[in-house]
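Novice: Sharing a structure here in structure tokens format.
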Amino acid sequence: MTRLSIARPARTAGIALAVLLAAGCASVPETPAAVPASLEAGVAFASLPGDGAPGADWWTGFDDPELQRLVEAGLKASPVLRGADYSVAEAEALLRLALLGRSPSFSSSASASAGRPLGGGDDFGASGDFGLASGWELDAFGRIGFAIEAARFDETAARELRRDLAVTIASETALAYIDLRSAEARLAVADANAAAQKDSLDLVRTLFDNGRANELDLSRSETQYRTTLSSLPVFRATISAARNRLAALTGTAATQPALASSLDAARVARVPRLTAPLSTGAPEDMLRRRPDVRLAEARIAAALALGDAARANLFPRITLNANLFGVLSDTGVVFNQDSIGFSIGPAISWAGPDLRRVYAQIDVNDARTRATVADYEATVLDALAETETALSNYVTERQRRTDLEAALTSARRSFELARLRFQEGLDSSLDVLDAQRTLLTAEDQLAVNEAEIARRAIRAYRSLGGIWTDEELTAFRAAQEENP
């Protein structure tokens, strides 16, 4: 029977002790500060103070079911979000891989051969061997734990990046829809004015033929009419571009007629209006909600964990190994003390005593950590500035609406009076043309204002970051898949 023996245990223990003592002498660089410089977020937004956070599905606050349908279609079918799903799946797999570092590893091997040696006559032999190996690293200095922590924050970062993309897709889809309806509204205004100008041109031409108008009046009327006609193709091109953009955002080919048919069937007479109140909440709440800020925070945490994992490499790795191996032959003697062996025991590996590469890697990680902290500070400052600007722009544009509506009413009355006075021979056609040009400008400006109010509301919602948590977004998209 084979007797288990340990060769020179005192010597082995002495070598291990020497390695541990030498590793203990390694100096550990100080971890860089993880807390950014203090940033005062303020207690309220100056432009639009409001209670409560914005609604997650903010697009339902517009009085347009087609807008709601398109945004939800984009969140369901966007290939950009689908790519983000795969990035999250990759991060989840990397986390599972990191977690396996705490579990024993197993491997196996086997080989076989058969043949006849040279000069062996009729001798024919067969043999084989097999082996089983297992190893488990004792995480004495936290290297594995820090790697798991970094992988966990990387997964969080991937989820926040997906949420950030969802915010962008929802807002870009809504903006493209506003562009479409705005161009349609402006086209309708220009079309109606072109028809009115054509009537005026026909009237001036009749008066010219009867000697009651001169050639200058006729030329001015035709110039204004042709100028208005020249704007119509521009609006039609904008409509086409907006439809193509909506097709891409909702995962539809631009050449498919289904989207155009749906948009035509749901056409409204004006640009959608935000009927729900726009609530902002406190700036600090916005920073806790915005996915780009949360993404920056997760990247800081991951960088710090990677830095700690690099510091753990200053110390030895202790692994417990176990091996079982054996030989098979055609002699009929298989499982006995001569054909099976095993080994078990610890192993210590260490990068020292030359730790220059380890220290260099620590410096690399520390520099990256400080860079992520600086990126976080920049992200917070940009978020505050972007949100305050978006809210201020929204309030400003809304304030213009009342005056523009009053101006339009006045322009319509002026045009009617100028037209009547011209027909009565009291004024020249120039007064009619000026009044008509003013009316066109007032109608167009009001249409632009309506669209701009909607656009600025959408940008305000995007800057506030109000679109669910990652769990809510995942549940919403799953429900969309189940109920197409």
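The values are calculated or read from the model by the stated rules, or taken from the named source; none is laboratory data. Everything quoted here is computed from the prediction, not taken from an experiment. Neighbour counts are summed over all protein chains in view; Cβ atoms, including those assigned to glycine, are modelled from backbone coordinates with ideal geometry.
Novice: For Y461, work out the one condition from (1) out of contact with any Phe, Trp or Tyr (no Cβ under 6 Å at 6 or more places or on another chain); (2) at pLDDT 80 or above; (3) buried (at least 23 other Cβ atoms within 10 Å of the Cβ) it doesn't fulfil.
Specialist: (1)
Novice: Continuing with this model, one more query. Does the stretch 331-348 contain at least one residue that is at pLDDT below 80, on the phi > 0 side of the Ramachandran plot and small (G, A, S)? Break it down into steps so the answer makes sense when it comes.
Specialist: To start, the set of residues in the stretch 331-348 that are at pLDDT below 80 comprises 331-339.
Next cut, on the phi > 0 side of the Ramachandran plot only: 332.
From what's left, small (G, A, S): 332.
Scanning the stretch 331-348, I find at least one residue that is at pLDDT below 80, on the phi > 0 side of the Ramachandran plot and small (G, A, S), so the answer is yes.
Novice: If you don't mind, another one. With respect to A183, determine if the residue is among the aliphatic types (A, V, I, L, M) and within 30 Å of L67 (Cβ to Cβ). Full working, then the answer.
Specialist: Values: among the aliphatic types (A, V, I, L, M): yes; within 30 Å of L67 (Cβ to Cβ): yes.
The answer is yes for A183.
Novice: Here are the criteria: (1) loosely packed, with under 15 Cβ neighbours inside 10 Å; (2) under 30 Å from S103 (Cβ atoms); (3) of a type in the set (K, R). Tell me which single one R356 does not satisfy.
Specialist: (2)
Novice: Quick one: would you say Q480 is over 23 Å from L180 (Cβ atoms), in contact with a helix residue (DSSP H, G or I) (Cβ under 7 Å, 6 or more places away or on another chain) and part of a helix (DSSP H, G or I)?
Specialist: No, not satisfied.
Novice: What do you reckon, is T252 surrounded by 15 or more Cβ atoms within 10 Å (Cβ to Cβ) and outside any helix (DSSP H, G or I)?
Specialist: Spelling it out, T252 is indeed surrounded by 15 or more Cβ atoms within 10 Å (Cβ to Cβ) and outside any helix (DSSP H, G or I).
Novice: What do you reckon, is L180 within 36 Å of the chain's Cα centre (by Cα), surrounded by fewer than 20 Cβ atoms within 10 Å (Cβ to Cβ), within 30 Å of A247 (Cβ to Cβ) and in contact (Cβ under 8 Å) with a residue 12 or more places away in the chain?
Specialist: no
Novice: Another one. Tell me which residues, restricted to the stretch 196-222, are loosely packed, with under 13 Cβ neighbours inside 10 Å and within 16 Å of A435 (Cβ to Cβ). So that I can check it myself, show each step before the final result.
Specialist: Going residue by residue through the stretch 196-222, those that are loosely packed, with under 13 Cβ neighbours inside 10 Å are 199, 202, 206, 209-212, 215-216, 219.
The one that is loosely packed, with under 13 Cβ neighbours inside 10 Å and within 16 Å of A435 (Cβ to Cβ): D199.
Novice: Here's a follow-up. Any idea which residue in the stretch 269-302 is nearest to A150 (Cα to Cα), counting only those that are in a helix (DSSP H, G or I) and of a type in the set (V, I, T)?
Specialist: I300
Novice: Would a scan of the stretch 135-149 turn up a residue that is touching a strand residue (DSSP E or B) at 6+ places or on another chain (Cβ under 8 Å), more than 24 Å from F476 (Cβ to Cβ), among the β-branched types (V, I, T) and in contact (Cβ under 8 Å) with a residue 12 or more places away in the chain?
Specialist: Yes, that holds for at least one residue.
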